Every structure is written in C-alpha cells, then in structure tokens.
1. Which translational diffusion coefficient, to the nearest whole µm²/s, is obtained for the chain from the Stokes-Einstein equation, given a Kirkwood hydrodynamic radius over C-alpha pairs, 4 °C and 1.567 mPa s?
2. Please report R21, R85 as a ranked list, fewest other C-beta atoms within 10 angstrom at the top and most at the bottom.
3. If packing is taken as the mean number of other Cβ atoms within 10 Å per residue, what is the order of 28-34, 125-131, highest first?
4. In debye, nearest 20: dipole of the chain around its Cα centre with unit charges on the Cβ of K, R (+) and D, E (-)?
5. Using the basic label-point model (7 angstrom from Cα toward the beta carbon), what is the K41 to E175 distance in nanometres?
6. Quick one: which of 38-45, 55-62 comes out on top by average Cβ neighbours within 10 Å, and what's the full order, highest first?
7. Under 29 Å between alpha carbons, and skipping anything fewer than 8 positions from K15 in its own chain: which lysines qualify?
8. Suppose only helical runs count, i.e. DSSP H with n ≥ 4. What mean residue ellipticity at 222 nm does that imply for the chain under -39500 (n - 2.57) per run, divided by all residues and rounded to the nearest 500 deg cm²/dmol?
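Only the coordinates and a few stated rules stand behind these numbers; no lab work does. Since the model is a prediction, treat every value here as computed from it, not as a measurement. Because the Cβ atoms are built from the backbone with ideal geometry, glycine has one as well, and the counts that use them run over all protein chains shown.
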Amino acid sequence: MVAAVSSGRLGARVKELRRGRGLTLEELAERSGVSRAMISKLERGEKNPTLVVAAKLAEGLGVTLSQLAGMEERREVVVVPRERRMVMRDPETGFERQLLSPNFVGRGVEFIRNEIPEGSTSGEFPPHRRGVEEHIVVEQGRLKATLGGEEYLLEEGDAVYFEADMPHRFDNAGEGACSYYLVISSRGT
C-alpha cells in the first residue's frame, strides 16, 4: 500500500480527479494552496507529496486522503488485514497514517491510527470543509494538538473532539513515539 501512495500513481489520481471536476491546474492550486508547479510535477510523477500537501490537494478536490489515494472497497463485511492497510508515511517527519477502516465513497467516516516519532510533528493540516469533525484519543505518549491556534496537551487515554474547519497540527510532546486514533466524520455525506 505504501508503494501505491508513494509512486506516481498518486499523481495520476490527482490528475484524474482534477480533470473529472473540470479544474485547471491553476484552479486546483487556488483551491488547495499547493503551487501549480508542484501539482504539475506530482501529476507527471516527478514528485511525491508530503502528507500535508496530499491533505491540501484532497481538500481542494473535495475528497478524503484515502479517496485521493484511490483506495476503495465495498462489501457488507470488510476485513482490513494489517498487511493490506493503506499506510502513508511522510519521509521528512516520519509521521505515519494507517487507514483502519475501508474507504467507501459517499460514507463520510474514516478510522485512522496515526503515529508521530519522538520530537516530530504531523505538520499543519489545512482546514477541512464545513461539516467535517475529528475525534481523537491518545493511545500512547503525549500529544500536543494545535487547533485553530490554541494548544491542548493530551495524555494517554485523553480524547478531544473538534470541528475541523480550522488549521490543525499534532506534535509529539513526550518521550518515545506518540500514537493516537482519529475518526474523521463528515455530516451530510
């Protein structure tokens, strides 16, 4: 799964979604906050995006990160074996995102496990569209959540909920790795 996300296939997916929405490179750049040059390089397979850049593109295209990666399965009962999880890893920060739920287009819920190495960060995520909510519970370590400019220090077992239409970032505020579970839900989808 990591190979699928880090290869040029993600760029092809960006291009497919952009064209399917009738957007020019300039329009997607404006919507996402990612430069036209970077989007062009991604679409040609010359660059791999960081997780934050991928998140900005997903927002600009009106899809989730998982939908951007093209991961989709639909059955009544879906088992997601550990070895088949979609994993996205930022090579610069070591931040890792594992999709634990199947990705269903049209269902506005994702269940994700994130891990931030000691001394590292998720980077700043752009605001989601209105109606997107995030629910987090810290599995291990200490997590500093910066939500719309305000900081919250969370210990193991602590949970936080927020409307995600504001910039947000997560930093490992302790020793060792910090892991947390995240549920992203979209009302009205």
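1. The diffusion coefficient I find is 77 µm²/s.
2. R21, R85
3. Highest-to-lowest ranking by the protection proxy: 28-34, 125-131.
4. 1120 debye
5. Roughly 3.9 nm, to one decimal.
6. 55-62, 38-45
7. Filter leaves K41, K47, K56.
8. Taken over the chain, the calculation gives -7000 deg cm²/dmol.
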